[in-house]
Amino acid sequence: MLLLYWVSLYLLSIISAGSEILNVITVICYILLLFYFLYRRESFFIICSFFLWAFLTTALSGLILESGLFLPELGSMSTLNGTTAINVSLAAIMLLIASGIYRLLNERIHVGLNSSFVINALIEKIYPVIVLCATLVVIFISIHYGRPSDYAQDRFYYWNNIAPSWGNLVRLFVEQSSFILGCIYATKRKKHIFAIFLLGVTSQVLVGEKFTGIFQMLLFFSICFFITSNIKISKNFFSAKYIVLFLILGCFFVLLVWASYFSLSGDSALALESLKTRIAAQSQIWWGLSDVSGTGAFEFDNITKHLLGLGAQPEDTGMLYLMSKVMPYKLFSIYQDAGIALTMAFPANILFFFGPYLSLAVCSVLAFFLSLALWFTAYTLKNKDFLLLFVAMKVYNIAIQFVLMGRVYLLFEWKIILLLLPLMFAFFAHSKNRVSSSNV
């Protein structure tokens, strides 16, 4: 029934082709959907938090953007075109389908299969030390080469021209380590694990991360902690303890982000203005693609080359291709050379390639892959399987790239093996549990 409501709202959004009231109603309904997930599908709400938050921030950004705002990266003034209602409702449909598949997998496959207790125990002891060493390397780079703000440059220029490029790989490792650290901390509750995590967050700030890296570390650590601990946050979501905790984390995060922008400009007012512009720009790909594609059209050659990446150069597919469609050529060339990519392609990219009606079927397929990635990650966390969690960490990141960043061409690269691993593991775990049940 809920899915039918969102499909109806989606179709109404397409027909209206631009309504401030419908935009507001859709965003409010999406917020209510989040509470539905929290109280009725709590495990899905926690493990899918990154995606839920990404759509929420983009939806709120879309409300601001469609009110009329100059977009420096697109070089144009935004107008009301209904992109917020259309994209949010389609994203909600995909999430509802994914939550249904996720719930089905949870009901059919119970936790109880661990890859290796010996290796997991070894990882639990060694991994925090490795993360600490990597964090110290990142901090050393910031001290030896300076920070991006010291050169009045962003982090992309910093890693491409100033600091060694391998240092960015170490930084990325520290960022992604929050997955494993969150699980280890939930298992042992050792204070030094949490201290290593906070030091890792600090190292990200020192090398120029302003938003994404910091937020991902905080969110990934929290997701892994709550899933592994099996804490029912819905029962205490509005308790004084949790409200204070969320406020502290929220203030800490905002302070870190603002401090990063302030370190670049040296002016508090300009730093705040830069932060506001960054938030508004979250939905510019949504708006830009809707503005250039109209109702959308199905073109097979266009889909195989620019969406699936068959026979295409890197700049002709994924986010780079989408950026080339909405950005002025000169500015796009600068971004391309600097390795800078915009965010939040989905579901505007699906609408762009398939049009409003075929997009429903395509999003159902994406929902299937997303639900598998989420279930596989939650399964390893509940089972405290650190060995499988290394795989799950990559699968989760691929899901982010595949869904949110529009890199659908990953289906036709070797990484498809990682995307199919959760499916193979689900069949194996289901067979194992069925045999165990029959022997009882």
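Let me confirm something: among 351, 342, 360, which residue is more than 24 Å from residue 418 (Cβ to Cβ), of a type outside the set (Phe, Trp, Tyr), touching a residue at least 12 places away in the same chain (Cβ under 8 Å) and not in a helix (DSSP H, G or I)?
Only one candidate passes the filter, namely 342.
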Point to revise | Counted residues, the stretch 106-145 - those being at pLDDT below 85 and farther than 30 Å from residue 40 by Cα | key: 6
Exercise for review: Could you figure out which of (1) free of Cβ contacts under 8 Å to residues at least 40 places away in the same chain; (2) under 24 Å from residue 374 (Cβ atoms); (3) of a type in the set (S, T, N, Q) isn't true of residue 57?
Suggested key: (1)
Study note, to complete from the structure: Those residues of the stretch 182-196 which are closer than 20 Å to residue 140 by Cβ and touching a Phe, Trp or Tyr at 6+ places or on another chain (Cβ under 6 Å) amount to none
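Test residue 310 against the criterion of being surrounded by 16 or more Cβ atoms within 10 Å (Cβ to Cβ), of a type outside the set (Ser, Thr, Tyr) and either over 23 Å from the mean Cα position of the chain (by Cα) or assigned to a helix (DSSP H, G or I) (or both), and give yes or no. Give the steps one after another, and end with the answer.
Working: surrounded by 16 or more Cβ atoms within 10 Å (Cβ to Cβ): no; of a type outside the set (Ser, Thr, Tyr): yes; either over 23 Å from the mean Cα position of the chain (by Cα) or assigned to a helix (DSSP H, G or I) (or both): yes.
Criteria not met by residue 310.
Kindly provide the set of residues from the stretch 328-356 that are among the aromatic types (Phe, Trp, Tyr) and surrounded by 14 or more Cβ atoms within 10 Å (Cβ to Cβ), ordered by number. I'd like the intermediate steps shown before the answer.
Applying the first criterion (among the aromatic types (Phe, Trp, Tyr)) to the stretch 328-356 yields 329, 332, 335, 346, 352-354.
Passing the criteria: 332, 335, 346, 352, 353, 354.
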Review point. Within the stretch 308-328, which residues are out of contact with any His (no Cβ under 7 Å at 6 or more places or on another chain) and closer than 20 Å to residue 284 by Cβ?
Key: 315, 318, 319, 320, 322, 323, 324, 325, 326, 327, 328
Exercise for review: Give just the number: which of (1) within 24 Å of residue 212 (Cβ to Cβ); (2) at pLDDT below 90 does residue 311 not satisfy?
Suggested key: (1)
Check your understanding: Which condition number does residue 402 fail, the rest of (1) surrounded by fewer than 18 Cβ atoms within 10 Å (Cβ to Cβ); (2) within 20 Å of residue 321 (Cα to Cα); (3) among the aromatic types (Phe, Trp, Tyr) being met?
Key -> (1)
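Quick grid of which residues meet (1) at pLDDT 90 or above; (2) touching a Ser or Thr at 6+ places or on another chain (Cβ under 7 Å); (3) among the hydroxyl-bearing types (Ser, Thr, Tyr); (4) at negative phi:
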{"residue": "5", "(1), (2), (3), (4)": "yes, no, yes, yes"}
{"residue": "11", "(1), (2), (3), (4)": "yes, no, no, yes"}
{"residue": "38", "(1), (2), (3), (4)": "yes, yes, no, yes"}
{"residue": "55", "(1), (2), (3), (4)": "yes, no, no, yes"}
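The values are calculated or read from the model by the stated rules, or taken from the named source; none is laboratory data. On a predicted model such as this, the values are computed, not experimentally measured, just so you know. Here the Cβ is made from the backbone with ideal geometry for all residues, glycine too, and neighbour counts use every protein chain on show.
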